[in-house]
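None of the figures in this text is laboratory data; all of them are computed from the coordinates on show. Keep in mind that what you see is a predicted model, and the values were worked out from it rather than measured. Positions of Cβ are backbone-derived with ideal geometry, glycine not excepted, and every protein chain shown enters the neighbour counts.
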Amino acid sequence: MKRTCRISAISGVLLGFVILLSACATVPQEADLKESLRNSASIYWKMRMEGKFEQTLKMEDEEALAKGNRAEVPLNEYYKSKAKVADNVQSYSIKDIQLQEHKGRVDLEFTFFIPQISQPLRQVLTDEWVFKNGKWWHILPTSPTRSK
């Protein structure tokens, strides 16, 4: 009887330890979340600048996209009309990433050219993302959000 109790107690402690470790392993750390958001944003903007709308549409938060679609046209048509990158945008770079709970903000600097101006122009915009089901989803703004 003593041996059975001792085995049960040890098994219970080990099981509790395994559960604790597995719970810790599934909660991403802030540094990991920032890095995964940086990777997602980089992939998203590279494809978007290449005009790969079908692929970037799959990275959009469908709930937010549907909410912005007031005209109720098919989502892929709505997305294409809103996600077009201006022809004069030459490059982008990620300047900063902020996290707050399950949301992320990515400050992006775009470099673009206007034929009448000889120097490249830069503009910083803020991109919104949401972390759901272990993945970052882009939130397409209804109008561009300038960074502060």
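Based only on other Cβ atoms within 10 Å, what is the fewest-to-most ordering of Met59, Met49?
Working: Met59 18, Met49 15.
Final ranking by Cβ density, sparse to dense: Met49, Met59.
By the count of neighbouring beta-carbon atoms within 10 Å, fewest first, Lys135, Lys95 end up ordered Lys135, Lys95.
Ordering Thr126, Thr56, Thr111 by the number of other Cβ atoms within 10 Å of each residue's own Cβ, fewest first, gives Thr111, Thr126, Thr56.
Placing a label point 7 Å from the Cα of Glu62 along the Cα-to-Cβ direction, the residues of the range 97-137 whose backbone N falls under 20 Å of that point are 129-137. Cross-link partners for Lys135 among the lysines, with Cα-Cα distance under 23 Å and sequence neighbours closer than 8 places in the same chain left out: Lys34, Lys46, Lys52, Lys58, Lys67, Lys80, Lys82, Lys95, Lys103. Could you tell me the ratio Rg/Rh of the range 30-139? Both radii from Cα atoms, Rh via Kirkwood. Taking Rh as the inverse mean 1/r over Cα pairs, Rg/Rh reads 0.99.
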